[in-house]
Amino acid sequence: MITYQNGVFHLKTQDTSYVLGILEGKLLNLYWGEALISVPDLEDMLPIDFYRTFSSTDIMWKGKKMSTNDLTMEYSEYGRADFRTPAFEGIDGNFTTASDLKFDSYEIIDGKYSVKGMPSVYSEEGDSVNTLKINLIDKYSGLKVTLLYGVFEDLNAITRAVIFENTSEKSYRLNKALSMTVDFNCKEFDFIHLSGVWARERKPQRCPVKSGTLQVESIRGTSSHFHNPFFALVSPDATEDYGEAYGFNLVYSGNFIAGVQKDDYDVTRAFMGIHPTGFSWILGKGDTFATPEAVLIYSNKGLGEMSRKFHRLYRTRLCRGVYRDIRRPVLINNWEATYFDFNEEKILDIAKSAAGLGVELLVLDD
């Protein structure tokens, strides 16, 4: 369910609330966590201390000085007053790198958006799923940034992706385009990621989040077994059955970057998307670029419940095909039997023997 009232968006699943607010044209992340019965006013959800020494003032609201460097931004730009890791970077037709995104419009529609040319989770008829599109405009460069949110009410998942569109006459070079950022105010976290090597993939690693940046990445052309495009931020006391867990997963198998940045005022920015190293995309007039999809899961019952929510979503709304909901064929793989030393005769002998045992599918490996 998605509602909008008095400058506040409330994205709600059975267990989770995700709240955004518009402040002087800037889109803020006000809350993400356990489901709220009702959403307070924008002013009541702002951090108490929203201007700090040596921050560049770029917002005046009700006579108060504020800086985007101190606020919990939802999708931050580069070159203004926010000096943390930006969500995107580019160069416009006037060779300007700074951007100033402002809220322009929004749309709430039934069903789940799709990402052209990219894998993504989907909805089916009868699902309780809605899409929120928030359009942000940089009037100086003509760059339009559409933030996409898919809200799976019953499956307790929120998905995010971004579409960039050049509305100006001059070209725009996109040099960084993350799928999401989320800012958390005054929370202590442990950072969990999955690293590994061949035959020992996805080994959990856990460490506390301190001031500075923690990130995992791949520039191998694939996500690879060295780092999985996933991480979780969990309360320091979280276990499999207890505590808060925020999970992030990129539905993408190419170069990626994912991590957190914490400032000295205990604001933590989570980020995930295509790795900016080696990335550059030129947008001509009217051209668009869509990022891969990120899936966000919240649990207040530990890592186990977070994992089960991911599994339920992926088993039913990421997997496709006739075998999604039925027993899959029993298969045999030739690798351990032959390694690279095989020919037609060996493969046919394996297939015939396997068929006699009830095996229904043969995979020719390497």
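The values are calculated or read from the model by the stated rules, or taken from the named source; none is laboratory data. On a predicted model such as this, the values are computed, not experimentally measured, just so you know. Please note: Cβ atoms are built from the backbone with ideal geometry, for glycine as well, and neighbour counts cover all protein chains shown. Keep in mind that these areas ignore ligands, DNA and RNA; they rest on the heavy atoms of the full protein, side chains included. Shrake-Rupley method; radii C 1.70, N 1.55, O 1.52, S 1.80 Å.
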Inset, instruction - Report the calculated FRET efficiency for THR277 and ARG202 (r = Cβ-Cβ distance, R0 = 25 Å), to the nearest 0.05. - result: 0.60
Legend entry - Charge dipole of segment 1-93 about the Cα centre (unit charges at C-beta), most positive-ward option of MET66, GLN14, ASN29: MET66
Inset, instruction - Pick out, in residue order, every one of the chymotrypsin sites (Phe, Trp or Tyr not before Pro) in segment 151-234 that is DSSP loop and has at most 10 other C-beta atoms within 10 Å; say none if there are none. - result: TRP198
Legend entry - Cross-link table LYS116/LYS176; LYS133/LYS176; LYS139/LYS210; LYS139/LYS176; LYS26/LYS65; LYS12/LYS210, entries beyond 25 Å C-alpha to C-alpha: LYS139/LYS210; LYS12/LYS210
Inset, instruction - Determine the dipole magnitude for the chain: charges of +1 sit on the beta-carbon of Lys and Arg, -1 on that of Asp and Glu, nothing else is charged, the reference point is the Cα centre, and the result goes in debye to the nearest 20. - result: 360
Inset, instruction - Calculate the length of the line joining the C-alpha centroid of segment 218-287 to that of segment 95-136, in whole Å. - result: 19
Inset, instruction - Filter the GluC sites (Glu not before Pro) in segment 294-366 down to the DSSP loop ones having no more than 13 other Cβ atoms within 10 Å, then list what survives. - result: GLU360
Inset, instruction - For segment 105-211, give the magnitude of the charge dipole about the Cα centre (Cβ charges: +1 Lys/Arg, -1 Asp/Glu; no others), in debye to the nearest 20. - result: 780
Legend entry - Whole-Hz couplings from phi, Karplus 6.51/-1.76/1.60, listed for segment 292-302; x for Gly and Pro: x, 8, 10, 10, 10, 10, 10, 9, 10, 10, x
Inset, instruction - Please report the orientation-averaged projected area of the chain, defined via the convex hull of its C-alpha atoms, in nm². - result: 21.6
Inset, instruction - Express in % the proportion of alpha carbon pairs of segment 183-242 at distances exceeding 17 Å. - result: 45
Inset, instruction - Keeping the other protein chains in place, figure out the carbon and sulfur percent of the accessible area of segment 111-236, with a 1.4 Å probe. - result: 49
Legend entry - Solvent-accessible heavy-atom area per residue, rounded to whole Å², over the chain at 1.4 Å: 48
Inset, instruction - Just add up the charged neighbours of VAL115: K/R +1, D/E -1, any other residue whose Cβ is under 11 Å from the Cβ of VAL115. - result: +2
